[in-house]
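Data first, discussion second: the structure below is written as structure tokens.
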Amino acid sequence: MDAELIKQVFIDVSYLGASVLFIFGLKGLTAPNTARRGMYFAEVGMALAIIGTLLQASVVTYTGILIGLVLGSLIGVAIAMLTPMTAMPERTALSHACGALAVTLVGVAEYYHHGAALGSGKMIAIGFEVLFGALTITGSLIAMGKLQGIIKGTPVTFKGQNAFNFALFFALIGMFFYLIFVPGQALVFYIMTALALVFGVLFVMPIGAADMPVVISLLNSYAGLAACATGFALGNNILIIGGALDGASGLILSIIMCKAMNRSITNVLFGAFGQVANSGNAPASSADASQRIRELKVDEAAEIFRNAQRVVIVPGYGLAVAQAQHAVREFADILKSKNIDVKYAIHPVAGRMPGHMNVLLAEANVPYDELVEMDDINSQFPQTDVSLVIGANDVVNPAAHSNPGSPIYGMPILEVDKSMNVIVLKRSMNPGFAGIENELFYNPKTSMVFGDAKDTMNKFVHELKHG
Amino acid sequence: MELSMLFGSVYIFVLAGFVGFQLITRVPPLLHTPLMSATNAISAISVVGAVLVAGSGHDTVTNILGGVAVASAMSNVVGGFMITQRMLKMFKKEEAQKGHK
């Protein structure tokens with residue numbers, strides 16, 4: 001038994017160990033109290049996989065690797081330490097872009113080196129790798145821009161857009177098939193990569209900011225599948241397993257998000273949602289404007305809270321924008337000290353990514369057993385004295401139940417209109433992201449408090465303490 | 001030879017996808033954001049592919065592409081796991097907080 005063989009066995013065992021540890025890591029995430037331990041497993045798995053790879057016989061130079069490892073670690077630490085919790089959707093989009101960039105570069109490098117010598121089998125894998133990778137890079141960057149507000153959040157459309165995108169899509173598929181049979185056509189390969197980058201931009205531009213939870217999940221899935229394809233190209237099992245886990249996760253999350261909006265993936269991707277909503281609702285909104293809105297002063301609102309026994313807080317994206325989570329927690333603490341029951345109602349698509357609201361409230365030290373999922377809280381609204389809606393709009397819009405003409409008709413909502421009182425905190429009367437009128441605001445049970453959510457919450461806190 | 005190797009890879013892909021599907025449907029919505037950053041860190045296993053390319057010593061272009069790939073994958077490994085831990089540390093139950101009331 002020679003040293004080379006022992007080394008090879010060690011490498012194989014380290015990959016196997018890493019796969020098992022990744023699976024244990026994800027298993028940990030099925031409950032909050034085991035999640036952190038699970039992540040330690042996954043981290044050890046990753047370290048094992050990297051050490052095993054460094055020992056591979058085909059690795060002969062270490063300069064590039066070392067520079068990359070050190071530089072990447074520094075960037076990773078900086079991002080992890082500096083990103084505020086409110087920017088988590090943007091950070092996630094950016095990390096999808098980084099992951100996809102790595103995969104794409106590996107694919108391009110493999111092609112550059114082997115070129116015509118690649119067999120059809122490997123070309124299929126590298127083709128997938130580069131296609132998924134490249135469109136995920138630019139798609140994620142555009143998604144990040146939209147989340148940050150650098151790029152307009154509303155859908156960007158032009159005439160014949162879907163037709164153009166489909167043409168581009170089929171051109172990409174055509175080039176891919178051509179390369180499978182004639183792998184040596186380097187020019188076609190690089191044009192295909194460039195066009196996939198363009199496709200990523202065109203693919204996300206027409207999608208509105210409110211649909212980002214679906215887009216982020218989908219790009220998550222693509223990044224995983226691209227990593228998988230790398231595994232196929234290099235004949236490396238740990239890459240296939242890691243990528244497949246990520247691909248499955250992204251796919252499941254996008255399905256959950258779509259269900260929570262009662263829309264199909266195709267509708268999200270090709271529907272240009274806000275546009276449809278605007279044109280369809282223009283006449284209806286003028287009729288609504290004649291209805292009365294009841295505006296509430298801070299001391300009046302405080303009185304309503306004092307007399308309540310059960311309060312449900314409904315957070316939305318507006319809470320994240322105003323960074324009101326700490327003020328909200330302080331407010332809830334005061335109510336609880338007055339023996340008022342406080343719960344939070346979390347809609348699956350509230351915010352800009354799956355689980356966004358949970359993370360924000362957890363940051364403000366809200367215990368997670370007070371965060372209640374939609375299906376569980378909806379039966380409790382009839383026994384609720386006050387529902388406090390903070391910067392949420394479409395997820396509480398009763399039109400989803402009552403108005404078959406509404407673009408959100410059929411979407412499951414938080415039924416706040418069943419509670420005794422509804423208080424809505426809102427910046428202004430502008431309609432939400434989807435541009436849909438919300439009849440909840442004109443409901444006789446509803447009163448509105450206008451202004452920045454954080455300001456208003458702080459005023460509530462002050463009033464309840466000293467008023 | 002290439003075909004049987006490809007089939008072996010498909011085999012692993014299908015089984016891993018199945019395990020992933022089973023596990024992830026059981027993750028509560030509460031933890032969906034940490035789930036996403038955790039799977040993101042796990043898919044940064046592409047660092048393995050990047051290391052293989054960067055260390056192959058083929059030619060300068062391959063080395064540079066590989067090095068950049070190692071850096072961007074590694075930023076996801078470190079950043080992804082750290083930020084997941086940072087988030088998970090925040091999730092507490094009521095009893096755990098009684099102390100500071």
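The values are calculated or read from the model by the stated rules, or taken from the named source; none is laboratory data. From a predicted model like this one, the values you see are computed outputs, not experimental measurements. Counting neighbours? That spans all protein chains shown, and the Cβs are built from the backbone with ideal geometry, glycine included. For the accessible areas, the whole protein counts, side chains as well, though only heavy atoms, and no ligand, DNA or RNA atoms are used. Shrake-Rupley method; radii C 1.70, N 1.55, O 1.52, S 1.80 Å.
See the values below:
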read-out: Subset of region A:374-389 (residues that are polar (S, T, N, Q) and surrounded by fewer than 20 Cβ atoms within 10 Å (Cβ to Cβ)); value: A:Asn378, A:Ser379, A:Gln380, A:Gln383
read-out: Test set (1) surrounded by 24 or more Cβ atoms within 10 Å (Cβ to Cβ); (2) touching a Phe, Trp or Tyr at 6+ places or on another chain (Cβ under 8 Å) - A:Leu371 fails condition number; value: (1)
read-out: Test: residue in region A:423-434 that is part of a helix (DSSP H, G or I) and not aliphatic (A, V, I, L, M); value: no
read-out: Cβ pairs under 6 Å, 6+ apart, first in region B:53-76 and more than 19 Å from A:His114 (Cβ to Cβ), second part of a loop (DSSP other than H, G, I, E, B); value: B:Ala73/B:Ala44; B:Asn76/B:Ala44
read-out: Filter result for the condition that a residue is more than 17 Å from the chain's Cα centre (by Cα) and open to solvent by 60 Å² or more (accessible area, probe 1.4 Å), over A:Ala163, A:Ala186, A:Ala171, A:Ala194; value: A:Ala163
read-out: Out of A:Val268, A:Val204, A:Val215, sole residue that is among the aliphatic types (A, V, I, L, M), in contact with a Gly (Cβ under 7 Å, 6 or more places away or on another chain) and crowded, with 17+ Cβ neighbours inside 10 Å; value: A:Val204
read-out: Selection status of A:Ile241, modelled with pLDDT of 95 or more, open to solvent by 10 Å² or more (accessible area, probe 1.4 Å) and in a helix (DSSP H, G or I); value: yes
read-out: Helices (runs of 4 or more DSSP H) fully within region B:1-78 counting 3 or more residues that are in contact with a Gly (Cβ under 9 Å, 6 or more places away or on another chain) and more than 7 Å from every other protein chain (Cβ to nearest Cβ); value: none
read-out: For A:Asp452: the one exception among (1) modelled with pLDDT of 90 or more; (2) open to solvent by 20 Å² or more (accessible area, probe 1.4 Å); (3) more than 28 Å from the chain's Cα centre (by Cα); (4) not hydroxyl-bearing (Ser, Thr, Tyr); value: (3)
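Each row is one residue, and each column tells you yes or no for (1) within 9 Å of chain B (Cβ to nearest Cβ); (2) open to solvent by 20 Å² or more (accessible area, probe 1.4 Å); (3) of a type in the set (Ser, Thr, Tyr).
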{"position": "A:Gly119", "(1), (2), (3)": "yes, yes, no"}
{"position": "A:Phe128", "(1), (2), (3)": "no, yes, no"}
{"position": "A:Ala143", "(1), (2), (3)": "no, no, no"}
{"position": "A:Gln148", "(1), (2), (3)": "no, yes, no"}
